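Input: a single structure, listed below in structure tokens.
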Amino acid sequence: MFKIVHREEMAQGTIVLNEIEAPRIAGKAKPGQFVILQVNETGERIPLTMADVDPEKGTITIIYMIVGKSTTLFGNMDVGQEYYAVIGPLGKATHLEKKGKVVCVGGGTGIAVLHPIARGLKEVGNEVITILGSRNKDLLILEDKMAKASDTLHICTDDGSQGHHGFVTDVLKDVLAKEDISLVVAIGPVPMMKFVSMITKEKNVETLVSLNPIMVDGTGMCGGCRVTVGGETKFACVDGPEFDGHNVDYDELSKRLQAYQSEEKFSMDNCQCK
Amino acid sequence: MGFYLEDVMAEKKVKKEKTPRAIMPEQAPDVRNRNFEEVPLGLTPEMAQLEAARCLQCKKPACVEGCPVSVNIPGFIHKIVDGDFAGAASTLWEKNALPAVCGRVCPQEIQCEGRCIVGKKGQPVAIGHLERFAADYARESGEATLPVVAEKTGKKVAVVGSGPSGLTVAGDLILKGHDVTIFEAFHKTGGVLVYGIPEFRLPKDIVGSEVSTLEQLGVKIETNNVVGTTVTVDELLEEGYDAVYVGVGAGLPRFMNLPGENLIGVFSANEYLTRTNLMKAYLFPEYDTPVAKGKNVVVLGAGNVAMDSARTAKRLGADSVKIVYRRSREEMPARAEELHHAEEEGIEFVLLTNPVQFFGNDNGRLTGMECLKMELGEPDESGRRRPLPIKGSEYKVDCDLVVVSVGAKANPLLTNATPEIGLNPWGNIVADPATGKTTKKGVWAGGDIVTGMATVILAMGAGREAADSIHDYLTLGW
């Protein structure tokens, strides 16, 4: 079970793709849903939103950035090796409906999560305008796939090495000024989602964001993934992971993501896995 | 003559001096509150035989009536008296798939031991200690013989959840000749026995061994399967299962909706214990999952889970651990032994006190909380005196970790996917109390998902009744 059948490195090896055998999950998963993976018996449970599924092959695809011990251990696994545990599909699927013109904004590995959603939005008849951001052109992922899933594709890099020199929010403002947009989907680092939501709120454009707080079980059992949305506490694992971007308390989310910062650093510093 | 009289006197005196109830040897409180090893060390064979001899072997044993799974208590105790310890375990297994667990976590004082005739005038027979002794002996010696499995019926049963009720159903139905597969959402089997109850109260090797006994009997286990999403109850029925038992527990923590509850450092007991027990965060960094280690810890609530959380915090290195509870000592719902152990280990009980709000620093980390003193008023609907706030009694408590342990609700993941399973207004599954039958044909439910948060043994009792009903259904019809 949970054997890696395909592995790819992206963004100069900082981001890794794993296609994993998980027939039961692949038969069920829909865009926007996530899985929880555990590399071995002593490993942590890591939630990752699926980048793709292939029900016929019985596989799911995850794309992750190597940031700590767990993702390093994930990245060290070769084709043929198996994850100890994969559970899912978890969380609510993205509600895909025809809205008209929609904008998909992605940053970092959020682009991987955004891809099936953009593809789904296009399939149901939306015009999809995509804006992708990364630090530089070498760190950008899935450009070709996103181009296929979109009617228009904008690239932004912090250093100007490709496309617009600057942030996704600059391009978003332009698009919102020129076009009549009925939905924005933003998936990426918390500050990106926060600033996208600030801009779209001014224009009163419906905005969906996908959150990835710290989780343990992913089934609503522990409440570790609590987020405040519209003044109410929600569990991202079962009430999300997608929420109305205008109502998310991003500052609280950012802080809660730092809860185990020192333990994470300790783990990474003392890991023989590098 | 004189000698003769003296002899009679002496004999009478001996008869009057009854054997006192065995005292379970334990790790010393100031040692054990720094480690995760089991607190009680178990009776020696000599102690067990001496204790077993205290049993009156009643013709109509009240203790059996007090046991939710009707263990033949005088029967297994008699075998201990005879020195047939493996035989005692076999007797236990006839009615109880998890004797090593029950001997450790049952609230015996309100069940078997609470009804023991010896206990009317003195201390009751230590039935729990004896059950644990026999089960441990069987496991460690490997001598006890497994019960005989009936001829295969060709019927398939899916058991959802591998906690105490699911394991009981699986154990009962495999013996009756049905094919049984357990579906478990986590990567390890045992449910609350592995994620909730700490190692120092119930070593996980023991749970593992009880589960492996079921596997030896032929029970199949599929872990990492979240029924409700990975597969639904309807799909299990379509896949060819003739009956489905739902024993998924109370998997949705209650919070108190107080200001500051989402600060880093405020945890549900579920999260705190799951990290520590299931993910073995107490062994971090050997295991990768961390858990917050507080210096000043407050646990809100006074049930068994609250005691487990408090004692865990102490073992993880807390200087001070307080139980904050809004009612008085008398109303604390935890088992007597848990309260006793917690107090021995230096847990402070702050009674008639309720939390009001939590305070944090700029990094969103918990620094303290505000509490309010309470007094007891008239009895409420639960029959317990209602705690009422004392105006103006607010005060601040410094703390860097709070564990909210005020119960858990029904997790809707499975039932949302199968709306034909009827629910009560709180989201618990409606099941016939005598049979466990739900409103959906072919589906039974029991344990915390039906009753709300209760005990291991009550979940097992519900499992026993459902297993009987499922067997009737598979052999006779709905």
I'd like the accessible area for A:Lys234, computed on protein heavy atoms only with a 1.4 Å probe and all protein chains in place. Round to 10 Å², please. 60
Label zone at A:Glu8 (point 7 Å along Cα-to-Cβ), backbone N below 14 Å, the range A:16-50: A:16-20
Would you mind working out the magnitude of the charge dipole of the range B:202-305 relative to its Cα centre, with +1 at each Lys and Arg C-beta and -1 at each Asp and Glu C-beta, to the nearest 20 Debye? 820
Roll a 1.4 angstrom probe over the protein heavy atoms and tell me the percent of accessible area of the protein assembly as shown that is carbon or sulfur. 51
How crowded by other chains is B:271-283, given as the mean number of beta carbons from other chains within 10 Å of each beta carbon? 3
Of the DSSP beta bridges with both residues in the protein assembly as shown, give the percent that are antiparallel, rounding to the nearest 5. 50
Residue-averaged 222 nm ellipticity for the protein assembly as shown, from DSSP H runs of 4+ at -39500 (n - 2.57), nearest 500: -9000 deg cm²/dmol
Any idea which of A:Leu90, A:Val185, B:Leu50 is furthest toward the positive side of the dipole for the protein assembly as shown, if Lys and Arg beta-carbons carry +1 and Asp and Glu beta-carbons -1? B:Leu50
With point charges of +1 on the Cβ of Lys and Arg and -1 on the Cβ of Asp and Glu, referenced to the Cα centre of chain B, which listed residue (B:Val291, B:Phe349, B:Asn35) lies farthest in the positive direction of the dipole? B:Phe349
Just need the Rg to Rh number for chain B, please, alpha carbons only, Kirkwood Rh. 1.00
The range A:1-126: spread of alpha-carbon positions along the three principal axes, whole Å, largest first, is 46, 31, 22
Once the dipole of the range B:56-138 is set up from charges on Cβ (+1 Lys and Arg, -1 Asp and Glu), the residue from the list B:Val71, B:Gln111, B:Asn96 lying farthest towards its positive end is B:Gln111
Bridge type composition, the range A:78-234 - antiparallel percent by DSSP, nearest 5: 10
Semi-axes of the equivalent ellipsoid for the protein assembly as shown, please: Cα gyration tensor eigenvalues, times 5, square-rooted, ordered largest first, whole Å. 52, 30, 23
Divide the volume of the convex hull of the Cα atoms of the range B:348-451 by its number of residues and quote the answer in cubic angstrom per residue. 171
Net charge around A:Asn126, counting only other residues with Cβ within less than 13 Å of its Cβ (Lys, Arg = +1; Asp, Glu = -1)? -2
Note, B:His178: beta-carbon cut-off 9 Å, +1 each Lys/Arg, -1 each Asp/Glu, net +2
Log10 I(q)/I(0) at q = 0.08, 0.15 Å⁻¹ for chain A, from Debye over equal alpha-carbon scatterers, is -0.30, -1.16
Mind ranking B:Trp444, B:Trp426, B:Trp93 by accessible surface for me, highest first, 1.4 Å probe? B:Trp426, B:Trp93, B:Trp444
Considering only DSSP beta bridges whose two residues both sit in chain B, what percent are antiparallel, to the nearest 5? 40
About its Cα centre, the protein assembly as shown carries a charge dipole, from +1 on Lys and Arg Cβ atoms and -1 on Asp and Glu Cβ atoms, whose size in debye to the nearest 20 is 1300
26 Å Cα-Cα reach of B:Lys373 towards lysines, excluding residues that sit fewer than 8 places from it in its own chain: B:Lys295, B:Lys314, B:Lys322, B:Lys391, B:Lys396
Could you tell me the distance between the Cα centroids of the range B:386-411 and the range B:424-466, to the nearest Å? 30
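Kirkwood Rh over alpha-carbon pairs of the range B:132-241, then Stokes-Einstein at 10 °C and 1.306 mPa s: what D in µm² s⁻¹, rounded to an integer?
On the way: Rh = 14.7 Å.
Result for D is 108 µm²/s.
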Surpassing 29 Å at the alpha-carbon level, of the pairs A:Lys57/A:Lys255; A:Lys145/A:Lys265; A:Lys98/B:Lys409; B:Lys79/B:Lys437; A:Lys265/B:Lys188; A:Lys137/A:Lys178, are A:Lys57/A:Lys255; A:Lys145/A:Lys265; A:Lys98/B:Lys409; B:Lys79/B:Lys437
Please give the solvent-accessible surface of B:Leu50 in Å², to the nearest 10, using a probe radius of 1.4 Å with every protein chain present. 100
Rounded to the nearest 20 Debye, what is the dipole magnitude of the range A:109-235 about its Cα centre when Lys and Arg each give +1 and Asp and Glu each give -1 at the C-beta? 260
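Any idea what diffusion coefficient the range B:176-231 gets from Stokes-Einstein, in µm²/s, Kirkwood Rh on alpha carbon pairs, 10 °C, 1.306 mPa s? Intermediate values should be presented prior to the final figure.
Values: Rh = 12.2 Å.
The estimated diffusion coefficient comes to 130 µm²/s.
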Å³ per residue of the Cα convex hull, for the range B:412-455? 72
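Where does the range B:262-330 land on the Kirkwood hydrodynamic radius, alpha-carbon pairs, in angstrom?
Here the Kirkwood hydrodynamic radius works out to 12.4 Å.
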How much net charge surrounds B:Asp205 when only the other residues with a Cβ under 13 Å from the Cβ of B:Asp205 are counted, with Lys and Arg +1 and Asp and Glu -1? -1
Separation of the range A:67-134 and the range B:43-112 by C-alpha centroid, Å? 56
Tell me which residues come under 5 Å, amide H to amide H, from A:Gly108 once H is placed; ignore anything under 5 positions away on its chain. A:Gly133
Note: A vs B interface, total accessible area buried (1.4 Å probe; ligands, DNA, RNA excluded), nearest 100 Å², is 3600
Rounding to the nearest 10 and keeping the result within 0 to 90°, find how far the Cα-based axis of helix A:168-178 lies from the longest principal axis of chain A. 30
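The values are calculated or read from the model by the stated rules, or taken from the named source; none is laboratory data. Fair warning: this is a prediction, and the values are worked out from it, not measured in the lab. Neighbour counts are summed over all protein chains in view; Cβ atoms, including those assigned to glycine, are modelled from backbone coordinates with ideal geometry. Protein only, heavy atoms only, side chains kept; ligands, DNA and RNA dropped before computing areas. Shrake-Rupley method; radii C 1.70, N 1.55, O 1.52, S 1.80 Å.
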